Amino acid sequence: MAWTEERVDILKKLWAEGLSASQIANRLGDVTRNAVIGKVHRLGLSGRATTSRMKTVRPRKKIARPKQQKPLRFGGLGGSSVREALQYAAAQRGAEQNFDLAEELDIPVEKRVTIATLKECSCRWPVGDPTHEDFYFCGIDKVPGLPYCEFHARKAYQPVQPRRRDRVRVAEKQTAVG
């Protein structure tokens, strides 16, 4: 198919009216949508006078959803959300507990759970070697928004320690200044 001057004039007129490339190709006949797009590009035809689409935007209906309490998010090691979750758990208990993180928590046998008996509210801290029969999960009630109980959350989410090289630089600066 060759682009005659007559067909180019029709293309320009239809393009200015706001017809799509597919609609123009159908009206011209014996030409594809891509051929129309290519010719429009080569002719340098830009904006359109009007569009064939709707001028007004229909407002979307808002779906009423019941409000749910969002779980607390933790943004990595030592994140403030973890700290908030632990403070919340301590407040729910009524007093702040100091845990010795060097010691392991003594979990009663009735609280221990396997992967098959793990519940949504159970602490997911693994204890032991998964290849042995005595492997289990903590199973104590977890902190809302975290996968672990308060003890294991404190153990897992410790504040980020400065890197060794940064500590060495600080020590060097202190000796140079002092």
If we ask which residues in region 131-158 are small (Gly, Ala, Ser), out of contact with any Leu (no Cβ under 6 Å at 6 or more places or on another chain) and crowded, with 21+ Cβ neighbours inside 10 Å, their number turns out to be 1
The residue from ARG154, ARG93, ARG112 that alone is in contact with a strand residue (DSSP E or B) (Cβ under 6 Å, 6 or more places away or on another chain) and at pLDDT below 85 is ARG112
Qualifying residue in region 22-39 (condition: at pLDDT 75 or above, in a loop (DSSP other than H, G, I, E, B) and out of contact with any helix residue (DSSP H, G or I) (no Cβ under 9 Å at 6 or more places or on another chain)): yes
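May I ask you to say which residue of PRO71, PRO66, PRO59 is closer than 30 Å to LYS142 by Cβ, at pLDDT below 90 and open to solvent by 100 Å² or more (accessible area, probe 1.4 Å)?
Values: PRO71 fails: open to solvent by 100 Å² or more (accessible area, probe 1.4 Å); PRO59 fails: closer than 30 Å to LYS142 by Cβ.
Every option except PRO66 fails the conditions.
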All-but-one check, MET54 against (1) of a type in the set (A, V, I, L, M, F, W, C); (2) open to solvent by less than 100 Å² (accessible area, probe 1.4 Å); (3) modelled with pLDDT under 60, failing number (2)
In the set VAL127, VAL82, VAL170, the lone residue that is at pLDDT below 80 and open to solvent by less than 40 Å² (accessible area, probe 1.4 Å) is VAL82
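The values are calculated or read from the model by the stated rules, or taken from the named source; none is laboratory data. The shown structure was predicted, so the numbers you read here are calculated from the model rather than taken from an experiment. When we count neighbours, we look across all protein chains shown, and the Cβ atoms used for this are built from the backbone with ideal geometry, even at glycine. Accessible surface areas use protein heavy atoms only, side chains included; no ligands, DNA or RNA. Shrake-Rupley method; radii C 1.70, N 1.55, O 1.52, S 1.80 Å.
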